[in-house]
1. Which order do peptides 219-232, 172-185 fall in by mean Cβ count within 10 Å, highest first?
2. What do you get for the angle between helix 94-104 and the principal long axis of the chain? Use alpha-carbon atoms, 0 to 90 degrees, nearest ten.
3. Which of the three applies to the range 1-94, rounded, prolate or oblate, going by the alpha-carbon gyration tensor with a ≥ b ≥ c and a/c under 1.5 meaning rounded?
4. At a 10 Å Cβ-Cβ cut-off, how would you order 126, 93, fewest neighbours first?
5. Looking only at the chain, where both bridge partners belong to it, what percent of the DSSP beta bridges are antiparallel (to the nearest 5)?
6. Multiply the residue separation of residue 29 and residue 170 by 0.36 nm, subtract the distance between their alpha-carbon atoms, and state the gained length in nm to one decimal.
7. For residue 186 and residue 103 in the same chain, what is the full-extension length gain: residue separation times 0.36 nm, less their Cα-Cα distance, in nm?
8. Looking at the square roots a ≥ b ≥ c of the eigenvalues of the Cα gyration tensor of the range 225-313, which shape do they give, rounded for a/c under 1.5, prolate if a/b is larger than b/c, or oblate?
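FYI, it's all coordinate maths here, none of it is from the lab. This is a predicted model, so every value here is computed, not measured. No Cβ is skipped: glycine too gets one built from the backbone with ideal geometry, and neighbour counts run over all protein chains shown.
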């Protein structure tokens, strides 16, 4: 399942970020580099985010109950949204504050200079391994989509979150490496501050993108166009003449709710209509396995058209 791949990517990222955070923090304590401090806080924030994603995935597997009859699948979206808030506040805003502070009071890196460079190069290697794992797991479900399309259309939030975090971490490390290197070469601490500010701006942008995407999932996204077409085609046949209207919404990454008003043959008995509905539900589940909740309302097309005409004459909206 996609969630298993997401969990593997999360665990790989968590292990990498814990190691990276520890080494960066030691490097900051030895060198006093603001870029190293910003990057260590970034890695700590990423580690916390990956723990949040694991907790969200675990809580989302709870069975439906009376208070939540459609289950807890959307809890994964909620935790992904919290991740964006953490990344914005603890990662991005802290780095921007530290950059402002260092710019106002610049000072060179005058001790353990090469420790920072060594740590950054090692961190790039570890982060690259985590990013490679996220790419490998994403390719299993990406199905030929571009990376932008995958991030925008994915219903499971874990892989897009890890991909963006790892990509941001690698770019942030490049900013930190450039800032530290130029500070060592020129003796001007403002290069270190500029690297820190670049890291902060990058994290804010990534956090905003994550917030917008997970907000859309929290509000409730419909099935993909491909799945909608498959559901419409599967509904037809065995007493179902046409689909009057169809609504779909994800109640979890792997759980789709389908509600449709279908046209049935007016000459059929109630028992025949019930059999037609049962057959239609089986066809839909075979065509789109994540369509776990299906509600079908039988109707007659001429009855719908008559009600729409009456509503139009009365000046109201067409009733369906």
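1. 172-185, 219-232
2. For helix 94-104, the angle is close to 30 degrees.
3. Verdict is prolate for the range 1-94.
4. 93, 126
5. So the antiparallel bridges in the chain amount to around 60 percent.
6. 48.6 nm
7. Gain in length upon complete extension: 28.4 nm.
8. oblate
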